[in-house]
Amino acid sequence: MLGLEALAGRLSRSAAEQFPLRVPRGFVGRMRHGDASDPLLRQVLPLDDEERLLPGFVLDAVGDTAAGIATGVLRKYQGRALLITTGACAVHCRYCFRRHFPYAGQAASRDGWAGALDAIAQDPTIDEVILSGGDPLSLDTPKLAQLTAALARVPHLKRLRIHTRLPIVLPERVDDALLDWIDGMPWPVAVVVHANHANEFDADVDAAMGRLRGTGATLLNQAVLLRHVNDSVDALAALSERAHAAGVLPYYLHQLDRVQGAVHFEVDDSTALALHDGLSSRLSGYLVPRLVREVPGDTGKRPLTPLRQDPADG
Ligand SMILES: *Cc1c(COP(=O)(O)O)cnc(C)c1O
Ligand code: SF4
């Protein structure tokens, strides 16, 4: 096991200036101390690997700047409007596709939600609103309640979804006020959390998930496939099983968005497919996440499919 001193010379000032180190104390507490290869540490530490530039690793990897219909509202897929509620997160994940997103003045909360509400109200094809960010739960609950109270007056909405990593990295955010807010919503609610490794769960996270389930919300997990974090069948199987034990079903396993600074996290497609096959042959069907990639201009997340084998190559 490498000690942490092995990493000291590899910390990057420019990476930390571009996207500062940020991680809640409780999450640090779930790391294996003194282990430079800890999978939780790897997700948050600004290393000199981030200075590696490769063609194809760009600033706007998922076409976010092209999909806006109002300030902080993205409509890429049929029926769904995704709200950039805020740019703030409780943790800064080094591989995040939004690390370069131009957030200043771009959040839907900027004008008291007016522009976002207007755009959603005017498009009757939107039946689901996704609160995303940044992390929507980094806004205070009254601010979120103000938004959903206004959305409740939009007749064509049928579902509400919350994309948040906060119940994982800061489970104490799941307090009574938050639960009352979710409980009081007029639509079925799905909470999609984001954990990449089984070690991200502990008793506090279990308790937070239990409280969220108590509202009747559907709990799902999306993970990102990350080199040296969860790129083994064992790690992915443990993640699915651990999440399920906490009451959360796996939803997506994302191929990394090719964002500048994240080169060292990439797992190539053939390895990704082999890992996914390994998972499928080991786990119950409902514990196998869908392996997908986001392709700008697509009508939805694109499932990874095997490259066609030319029989002559065998
Ligand atoms: C990922 C995403 C969604 C949600 O897609 P699902 O496949 O329904 O989870 C919606 N809007 C945008 C802009 C997205 O990036
Ligand atoms: S919590 Fe989500 S949005 Fe925030 S830095 Fe991590 S991956 Fe990005």
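Let me check against my output: what whole-number percent is the relative contact order of the chain, with C-alpha pairs under 8 Å and at least 6 apart?
So the answer I get is 18 percent.
For n ≥ 4 DSSP H runs only, could you compute -39500 (n - 2.57) per run for the chain, divide by its residues and tell me the 222 nm figure to the nearest 500?
So the helix-based figure for the chain works out to -8000 deg cm²/dmol.
With everything on Cα atoms, drop me the angle between helix 233-245 and the longest principal axis of the chain, reported from 0 to 90° to the nearest 10.
Roughly 30 degrees between the two axes.
Quick check: from the Cα gyration tensor, does segment 55-303 come out rounded (a/c under 1.5), prolate or oblate?
In terms of gyration-tensor shape, oblate.
Name the long-range amide H neighbours of I162: under 5 Å, sequence gap of 5 or more, or other chain; modelled H, no Pro or chain starts.
The list, which skips near neighbours in sequence, is L131, A190, V191, V192.
On a 0 to 90 degree scale, rounded to 10, what angle separates helix 203-214 from the longest Cα axis of the chain?
30 degrees
With springs only between Cα atoms under 10 Å apart, run a GNM on the chain and tell me which of L131, L82, L275 wobbles the most.
Ranking L131, L82, L275 by mean-square fluctuation puts L275 first.
Just tell me which aspartates and glutamates come within less than 12 Å, Cα to Cα, of K301; anything on the same chain fewer than 8 places away is out.
Output for K301: D257.
Please give the contour-minus-distance gain from E5 to W187: 0.36 nm per residue of separation, less the Cα-Cα distance, rounded to one decimal in nm.
Gain on extension, E5 to W187, equals 60.5 nm.
For G300, what charge total do you get from the other residues with a beta carbon under 12 Å from its beta carbon, if Lys and Arg give +1 and Asp and Glu give -1?
Its environment carries a net charge of +4.
Taking the Cβ of each residue in Y251, Y286, Y95 as the centre, tally the other Cβ atoms inside 10 Å and list the residues starting with the fewest.
Fewest to most other Cβ atoms nearby, the residues stand as Y286, Y251, Y95.
In a Gaussian network model over the chain where Cα atoms closer than 10 Å are linked, find which of H276, H33, H194 has the largest mean-square fluctuation.
Highest fluctuation of the listed residues: H33.
On C-alpha positions alone, give me the angle between the axis of helix 141-151 and the longest principal axis of the chain, in degrees, nearest 10.
The angle comes out at about 60 degrees.
Report the Cα-based extents of segment 1-136 along its three principal axes, largest first, to the nearest Å.
The principal-axis extents, from largest down, are 56, 36, 25 Å.
Over all Cα pairs of segment 1-68, how is the pair count split among 10 Å bins, expressed in % and running from 0 up to the last occupied bin?
Once binned at 10 Å, the Cα pair distances of segment 1-68 give 17, 39, 29, 12, 2.
Can you sort W113, W181 from fewest to most other Cβ atoms within 10 Å of each residue's own Cβ?
Final ranking by Cβ density, sparse to dense: W181, W113.
Since every read-out is calculated from the coordinates, none of them should be taken as a lab result. A quick note: this is a predicted structure, and the numbers were derived from the prediction, not measured. Glycine also receives a Cβ, built like all others from the backbone with ideal geometry; neighbour counts cover every protein chain displayed.
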